Amino acid sequence: MTATHHLPAGRAATDAYAVEITPESAGWGYSGLKVLDLPSGGRHTFDTADSEWIVLPLSGSCTVTVDDDTFRLHGRESVFSGVSDFAYVPRDARVSLTSEAGGRFALTGARCERRLPARYGPASAVPVELRGTGNCSRQVNNFAAAAPAGAGDGYGFDCDRLIAVEVITPGGNWSSFPPHKHDEHRPGEESQLEEIYYFEFAAHEGTPGLGYQRVSPSGPGRTTDVLAEVRDGDVVLIPDGWHGPSMAVPGHHMYYLNVMAGPDPERAWLICDHPGHAWIRGTWPAQPADPRLPLYTAPADEPSQ
C-alpha cells in the first residue's frame, strides 16, 4: 500500500502544478492540495469550483485577486524562516495569483457547501504552538486550525470544512507521536478526516534533508500501511489509520503541511491516540521542550497591505 499512499516528488505533478491532489485522484471525498511554482512576473488563474481554498506562500510573495477583493501576501523566504500571511478564497470563484519576484505557493482546499467571504489572514494572528516535550517536541503553526473547545477568542480560522496547519520538527525529533487516528465519526471523541502530508526539509551545506513517515492500519477494513522515506516535495495520503511517527533525521529540520477535511457535520479536529503508545503524553510534563523551539514566532505587527 506504500506505493499508493506515498507520492514522491514529481509523482503528483501536472502541467500546472508541482503537486496536484484532488479528491478524485486521492480516491476520497473532500481534501485537496496544489503546490504552484511561479516564476518572476508569473501569473496563474484557477476556478475554485466546489471547494474553498487557502493560498499560503511557502516561499516568496504574491498578490491574490478574487471577486472584488485583492490581497497582497508578504509571504516569507522559506517555511523555516517565519510565519506567513495567507488568503482564504471561497467556492464558486475565479482566482488570480501574480508574483513579481516568483515563489512557491500552496493551495490547501476542501470540498464544501457554504460560500464564505474572501478574507486576508495576517501572519501576526497565527497561533504558534509548541507541542510535546523532549525528543517529541515540535512547533505547530495553526493558521487554519479548527478552534478546540475552550480555546477562546483569536484561535482558529473560520472555514466550512477545511482544516490546515504547518508542523516543524527539529532534526532528530519525532512528531505525530503518539500515533493517532481520526477515521471514525464519534461525536465529542473523534472526527472523520482525510489528511494530506506535504514535506519540505532544511538542507545542511547543500546536502538535502530527509525523514520517515509511518501509517499503520487502525482496525478491520482499514488498510492504509505506509513506511516511507520522505524528501522535499513528497506527499503522503492518509484516508485512515494510525499515523505517526513522522521522524526528522538528525541535522535536518522537517516541515510538513497538513490538509484535512471530512464529512462530519462539525468542523473539528478530534483524535484518538494509539492505545499502545498513548502513555507517552504523561511523560511530557516532566521534560522541557526542545530549546531549539520555537524556530520563530508570529510577528507582532503586519506590514501594510
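Readers should treat all values here as calculations from the given coordinates under stated rules, not as data from a laboratory. This is a predicted model, so every value here is computed, not measured. Methodologically, a virtual Cβ is constructed for each residue, glycine included, from the backbone with ideal geometry; neighbour enumeration extends over all protein chains shown.
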In order through the range 285-297: 3J(HN,Hα) via Karplus (6.51 cos²θ - 1.76 cosθ + 1.60), integer Hz, x for Gly, Pro: x, 8, 10, x, 5, 4, x, 6, 9, x, 4, 6, 10
With +1 assigned to the C-beta of every Lys and Arg and -1 to the C-beta of every Asp and Glu, and no other charges, what is the dipole magnitude of the range 68-138 about the Cα centre in debye, to the nearest 20? 260 debye
Estimated vicinal HN-Hα couplings, Hz - the range 56-64 in sequence order (Karplus 6.51, -1.76, 1.60; Gly, Pro = x): 10, x, 8, 8, x, 10, 7, 10, 10
Would you kindly derive the ³J(HN,Hα) couplings of the range 230-244 from the backbone phi angles with the Karplus curve 6.51 cos²θ - 1.76 cosθ + 1.60 (θ = phi - 60°), listing them in order in whole Hz, with x for Gly and Pro? 10, 9, 3, x, 6, 10, 10, 9, 10, x, 6, x, 6, 10, x
Ranked from highest to lowest mean number of other Cβ atoms within 10 Å per residue, what is the order of the peptides 7-15, 285-293? 7-15, 285-293
Quick calc, the range 48-168, dipole around Cα centre from Cβ unit charges on Lys, Arg (+) and Asp, Glu (-), nearest 20 debye, gives 300 debye
Checking the a/c ratio against 1.5 first, then a/b against b/c, what shape does the Cα gyration tensor give for the range 6-56? oblate
Put +1 on the Cβ of each Lys and Arg and -1 on the Cβ of each Asp and Glu in the chain; which of VAL95, THR108, THR224 then has its Cα farthest toward the positive end of the dipole? THR224
Please report, in debye to the nearest 20, how large the charge dipole of the chain is about its Cα centre when each Lys and Arg carries +1 at its beta carbon and each Asp and Glu carries -1 there. 440 debye
At q = 0.08, 0.09, 0.14 Å⁻¹, what is the log10 ratio I(q)/I(0) for the chain, with the Debye formula run over Cα points and no solvent? -0.32, -0.41, -1.07
Here, THR14 and ARG281, labelled 7 Å along Cα→Cβ, have an inter-label distance in nm of 3.8 nm
Based solely on its DSSP helices, what 222 nm [θ] is calculated for the chain when runs of n ≥ 4 H residues each add -39,500 (n - 2.57) and the sum is averaged over all residues, nearest 500 deg cm²/dmol? -500 deg cm²/dmol
Among LEU162, GLY282, GLN192 the positive-end extreme of the charge dipole of the chain (Cβ point charges): GLY282
